[in-house]
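> Dropping a structure here in structure tokens format, bear with me for questions.
The values are calculated or read from the model by the stated rules, or taken from the named source; none is laboratory data. For clarity, every value in this text was computed on a predicted model and none was experimentally measured. No Cβ is skipped: glycine too gets one built from the backbone with ideal geometry, and neighbour counts run over all protein chains shown.
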């Protein structure tokens with residue numbers, strides 16, 4: 001990967017290929033965060049622009065993936081800020097009495113996501129959609145590792161109701 | 001103690017030495033692991049509409065960005081140290097990427113040297129998945145393997161290969177879980193093994209069979225029709241990807257990206273098995289293959305007939321005792337009801 005990033009800084013075609021390669025994932029993650037196609041396209045486009053123009057600032061301190069994710073997160077946060085809905089998630093809150101009412105687990109997960117505080121929702125998306133570890137999530141979101149751990153634990157507690165999840169520890 | 005450590009690792013998204021061994025012996029931790037995998041796949045399988053436009057910056061922006069990178073002085077000592085190597089790595093990088101672009105053509109030489117010249121296993125690296133492609137020149141060597149615990153639980157493909165003393169195998173047909181605790185005990189659709197109808201459960205999916213003459217048949221057949229065509233081996237899945245050399249998949253196939261298994265046949269009788277990865281097992285672009293991807297790969301390899309088999313966590317390929325394509329589940333091979341096995345010579 002390091003070689004390819006270095007190459008992309010010097011060669012147009014290599015840069016296009018690198019961006020094309022990360023495009024599906026960046027878009028997918030943006031969609032999960034925004035839940036809206038147009039917004040997701042905007043966030044992804046802006047992220048790819050930043051990756052392209054700031055590639056030389058990548059220092060290899062975190063994985064390239066985490067580095068790109070931090071751009072997705074920052075772009076997403078900018079979008080929310082612009083809309084002045086800092087405290088409110090973009091999603092419509094759904095009111096569901098209890099998770100047991102919904103037999104379809106997929107619906108339940110979506111409902112759960114929409115009920116989480118916004119930062120918790122972002123943690124959940126990065127951790128479980130993006131496949132980042134707790135440490136990587138903390139880097140991408142600029143939060144402390146302990147903070148992310150607490151949030152993941154809270155998510156786990158809320159999931160307990162409909163996913164048989166063993167053990168107490170985290 | 002190990003349970004605590006394992007659960008912490010599962011939730012934190014990390015691994016440690018001995019974790020896999022512990023998961024194998026501890027049903028409770030394995031359950032927790034499966035819950036997380038389920039959560040991930042439910043989140044991932046949420047329908048994401050395809051972007052309506054290219055999201056890449058314009059060529060002008062890219063060119064300008066590269067020009068500006070060039071203007072920057074070589075500040076980092078590591079860069080200076082590697083400056084000499086850059087040229088070499090560039091060439092290597094170009095070679096790798098060029099090779100990556102060439103994957104539209106099947107590699108001319110087998111990637112895995114095998115003792116048995118009639119079987120080759122090749123690698124394919126696509127944009128969103130990697131695949132192993134196994135070519136078996138004699139279609140009559142292909143037999144269906146059925147879990148020896150049929151009606152109760154499934155067996156892993158590895159176990160079926162070992163029990164049958166076969167050269168290799170891939171997962172095959174649809175299955176249902178038997179009762180509350182059983183997994184993959186009941187094959188769905190019509191299952192035929194060595195000319196005997198093993199099972200005929202109701203199922204709306206196509207039948208995928210091999211006749212006594214070694215011809216691969218894919219389509220909606222009844223037991224009587226399969227018998228009339230002297231089908232010796234059959235499982236049920238789908239959809240049919242290629243018929244009479246023509247691709248049948250509309251759009252991307254509508255099933256999204258996932259690990260996939262498929263079987264096809266060339267005009268000369270050679271059986272083609274394709275098994276892919278996905279679900280990010282091999283990196284963050286590894287979302288898996290669409291049905292269209294598999295259809296196209298089949299056509300590239302010269303398939304005149306091809307059908308999709310069970311995919312997802314079931315997708316597995318084994319050859320000569322080695323897991324050529326391990327399943328995407330970190331918890332190991334899944335129990336399945338049926339497999340296509342390659343009889344040893």
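> Out of the residues in the stretch B:23-45 that are within 7 Å of chain A (Cβ to nearest Cβ) and under 29 Å from residue A:50 (Cα atoms), which is modelled with the highest pLDDT?
Among those residues, the one meeting the criterion is B:40.
> When you look at residue B:20, is it closer than 24 Å to residue A:29 by Cβ, more than 7 Å from chain A (Cβ to nearest Cβ) and outside any loop (DSSP other than H, G, I, E, B), yes or no?
No.
> Tell me, please, whether a residue that is more than 12 Å from chain B (Cβ to nearest Cβ), in contact with a helix residue (DSSP H, G or I) (Cβ under 8 Å, 6 or more places away or on another chain), at pLDDT 85 or above and more than 26 Å from residue B:282 (Cα to Cα) can be found in the stretch A:90-107.
no
> Would you check which residues across the stretch A:33-53 are more than 7 Å from chain B (Cβ to nearest Cβ) and either surrounded by 21 or more Cβ atoms within 10 Å (Cβ to Cβ) or in contact with a helix residue (DSSP H, G or I) (Cβ under 8 Å, 6 or more places away or on another chain) (or both) and list them?
A:33, A:34, A:39, A:40, A:42, A:43, A:46, A:47, A:50, A:51
> Let me confirm something: among A:152, A:134, A:123, which residue is crowded, with 19+ Cβ neighbours inside 10 Å, more than 9 Å from the chain's Cα centre (by Cα) and over 17 Å from residue B:35 (Cα atoms)?
Exactly one residue qualifies, and that residue is A:134.
> Among (1) over 16 Å from residue B:328 (Cα atoms); (2) in contact with a strand residue (DSSP E or B) (Cβ under 9 Å, 6 or more places away or on another chain); (3) modelled with pLDDT under 90, which single condition is residue B:298 missing?
Checking residue B:298 against (1) over 16 Å from residue B:328 (Cα atoms); (2) in contact with a strand residue (DSSP E or B) (Cβ under 9 Å, 6 or more places away or on another chain); (3) modelled with pLDDT under 90, the one that fails is (3).
> From the list A:138, A:144, exactly one residue is more than 7 Å from every other protein chain (Cβ to nearest Cβ), farther than 28 Å from residue A:27 by Cβ and modelled with pLDDT of 85 or more. Which is it?
A:144
> Same structure again: Taking residue A:16, is it over 21 Å from residue A:131 (Cβ atoms), modelled with pLDDT of 85 or more and within 12 Å of chain B (Cβ to nearest Cβ)?
In short, yes.
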